[in-house]
Amino acid sequence: MDRYAIILAAGKGSRMKSRREDISKVSFPVLGRPLVKWIIEALKPLGAKRLIAIIGFGGATSEPIVKEDCEVVWQKEQKGAGHAVMQVAPLLEGKEGQTIICCGDTPLITTELYQGLFDAHEKAGNFLTIMTSVLDEPHGYGRIVRDAAGNVIQIREQKDCDDEAEKIREVNAGVYVFDNKELFEALHHITTNNAAGEYYLTDVIELFAKKGLKVGTFEVADIDETMGVNDRHQLSIAEANLKARINREHMLRGVTIEDSATTFIGPDVTIGADTIIRPGCYIMGKTVIGEGNLIGPNTYIEDSVIGSENEVLASWLTDTVIGDHNHIGPYFHARNGTVIASRTALGNFCEFKNATVADGAKAHHLSYIGDASIGKGANIGCGVITANYDGTKKHHTEIDEGAFVGCDSVLVAPVAIGKDALVAAGSVVTDDVPEGATAFARSKQTNKPGTAKKLLKRE
Ligand code: UD1
Ligand code: CA
């Protein structure tokens, strides 16, 4: 049977209390990945024939996130989740098949849970199966209302709960598998007669029950998995849970994480066995780390920088790749496009951007290396700076293998330091240094005998 998937991602997200009209809730990042992208990644392995994302509020930020994997449908006005699904009618109405509807704000639901919902649906021969959880604090969720025989007859939204319904602890997780034909048929009959004045998707449940179409539930025991992110407190809880999940996976694959609570690793990061991650590290984006490295403490590695408020999505663009047996940190900052080979030692307030570092190179202290390549075994002294930007363009610095760049030198790009060349400390290098040469690019020192005391006014 054909499977279709719809992700609801058009809602306003008013509880996020953002003052911006151009940002959708589902584009808020969790460990650098937008909320809705977590849902997309979990759904992909289910092999749905069509994967459809409904976007609307802040849709300009949602569209670039979803369009690579999903067909995009716009809900121009936010009149409720039921209304959102109505917008998909031109694509799916009348088709035989099963349709899963998910929320774009439940990043913890795994592929296995979505698959479990489909399995339960098929096994029971249902027309509708609802993912549910039983919560100690059900406030805020839609409640599952059952008749005396235990059949699901309705979902009652929070705003419409009376005292009795308020007590129901079985809640709607916001994920459903529907018989596709019956879903779109029922959507013709839902109304806005409710406390929110919206077209509730959940009103379809009562219509199914009344029509005698079999409705069932699929209960998820681990309530941390079904939580929805509606406000920024829930955003932080979701992040803490996903972080713990990712860190655990790395640890079970042979990575030592000294302090999981302060280690933030993005979902697309890979780390080789025997690497040790010390406390306080952020390892984000499409970072690849090899085996046996020591990373941190307090090191920030990301494939791109999330700068001002509206650049949160840019973190997908480029890569940082780190090989084996490096000692990175403490306090090392690798930015976009940095590629580090093996057995390097880099840290102590060094910032690398778009830099290639060959085997065994060292930069131990206080350097900025941008748009540069550093050859095998080269030594970058304390405080070396590549002056890569002339105010309009970025330029490249080439440091060949075995070169030794003395402390506090400025390499004004474009410039090349030859193989095994030496740059004297304190130089401002503007011309290429040939292989094996020594460059002095600083004023010559003069010593005036016996003058110090007088100048220091000590005599
Ligand atoms: C929803 C469910 C509730 C369930 C809870 C689980 C409804 C009516 N209620 O409540 O029963 O317990 O999820 O987390 O579905 N959306 C649109 N267009 C709109 C309105 C919403 O696309 O006009 C999308 C939102 O982007 C979101 C989803 O629908 O992804 C659910 O909306 P939200 O406001 O988060 O509903 P909840 O109050 O959480
Ligand atoms: Ca929600």
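Packing here is the average count of other Cβ atoms within 10 Å per residue, and on that basis the peptides 251-260, 50-59, highest first, run 50-59, 251-260. Here's how it looks for Phe28: its modeled amide H is under 5 Å from those of Leu35, which are all 5 or more places away or on a different chain. Computed about its Cα centre, the charge dipole of the chain is approximately 1580 debye, with only Lys, Arg, Asp and Glu carrying charge at their Cβ. Taking 0.36 nm per residue of separation and subtracting the current Cα-Cα distance, fully stretching the chain between Arg19 and His233 would add 75.4 nm. Here the Debye sum runs over all C-alpha atoms of the range 168-262 as equal scatterers in vacuum, and log10 of I(q)/I(0) at q = 0.16, 0.19 Å⁻¹ comes out as -0.86, -1.02. Checking the cross-link pairs Lys17/Lys44; Lys286/Lys376; Lys12/Lys394; Lys44/Lys210 against a 29 Å limit on the alpha carbon distance flags Lys17/Lys44; Lys12/Lys394; Lys44/Lys210 as lying beyond it.
All C-alpha pair distances within the chain, sorted into 10 Å bins from zero, spread as 4, 18, 23, 18, 14, 10, 7, 4, 2, 1, 0 percent across the bins.
Give the accessible surface of the range 74-214 per residue, rounded to a whole number of Å², with probe radius 1.4 Å and ligands, DNA and RNA excluded.
45
For Lys243, a cut-off of 19 angstrom between C-alpha atoms picks up these aspartates and glutamates, skipping any fewer than 8 places away in its own chain: Glu41, Asp105, Glu112, Asp222, Asp224, Glu225, Asp231, Glu258, Asp259, Asp268, Glu302, Asp303. Here's how it looks for Asp432: its modeled amide H is under 5 Å from those of Ala416, which are all 5 or more places away or on a different chain. Which lysines, on any chain, are close to Lys393 with Cα under 25 Å apart, when same-chain ones fewer than 8 places away are left out? Those lysines meeting the cut-off are Lys353.
Cross-link reach is defined here as a Cα-Cα straight distance under 17 Å, omitting same-chain residues fewer than 8 places apart; for Lys214 the lysines meeting it are Lys123, Lys181. In order along the range 132-143, phi translates into HN-Hα couplings of 10, 9, 9, 10, 6, 10, x, 3, x, 8, x, 9 Hz, rounded to whole numbers, per the Karplus curve 6.51 cos²θ - 1.76 cosθ + 1.60 with θ = phi - 60° and x for Gly and Pro.
Distant-in-sequence amide contacts of Gly266, defined by a placed amide H-H separation under 5 Å and a gap of 5 or more residues or a different chain, comprise Ile283, Met284, Gly285.
A Cβ-based charge dipole, computed about the Cα centre of the range 180-231 with Lys and Arg at +1 and Asp and Glu at -1, lands at about 480 debye. Counting Lys +1, Arg +1, Asp -1, Glu -1, what net charge surrounds Asp432 among other residues with beta carbon under 13 Å of its beta carbon? With Lys, Arg at +1 and Asp, Glu at -1, the net is -3. Take every DSSP beta bridge whose two residues both sit in the chain; close to 20 percent of them are antiparallel. In this label model, Glu291 and His395 are separated by 4.3 nm, measuring between points 7 Å along each Cα→Cβ vector. Dipole magnitude for the range 309-459: computed about the Cα centre from +1 point charges on Lys and Arg Cβ and -1 point charges on Asp and Glu Cβ, it is near 1060 debye.
Of the trypsin sites (Lys or Arg not before Pro) in the range 376-412, the ones in a loop by DSSP (not H, G, I, E or B) with at most 12 other beta carbons within 10 Å are Lys393. P(r) tail, the range 1-123: Cα-Cα pairs separated by more than 18 Å, 50% of all pairs. Centre-to-centre separation between the Cα atoms of the range 38-95 and those of the range 102-139: 18 Å.
At 222 nm, what helix-only mean residue ellipticity would the chain give, in deg cm²/dmol to the nearest 500, using -39500 (n - 2.57) for each DSSP H run of four or more?
-5500 deg cm²/dmol
Note on the range 163-281: with neighbouring protein chains present and a 1.4 Å probe, carbon and sulfur make up 47 percent of its accessible heavy-atom surface. Looking at the range 76-167, which trypsin sites (Lys or Arg not before Pro) are in a loop (DSSP not H, G, I, E or B) and have at most 15 other Cβ atoms within 10 Å? Sites meeting the loop and neighbour criteria: Lys76, Lys95, Lys167.
Across the chain, C-alpha contacts under 8 Å between residues 6 or more apart give a mean separation that, scaled by the residue count, equals a relative contact order of 9 percent. Per-residue extension of 0.36 nm, minus the Cα-Cα distance of Asp160 and Asn193, leaves a gain of 10.8 nm for this segment.
The values are calculated or read from the model by the stated rules, or taken from the named source; none is laboratory data. This one's a predicted model, so the numbers in the text were calculated from it and none came from an experiment. Counting neighbours? That spans all protein chains shown, and the Cβs are built from the backbone with ideal geometry, glycine included. Quick note on the areas: whole protein, heavy atoms, side chains included, nothing else; ligands and nucleic acids left out. Shrake-Rupley method; radii C 1.70, N 1.55, O 1.52, S 1.80 Å.
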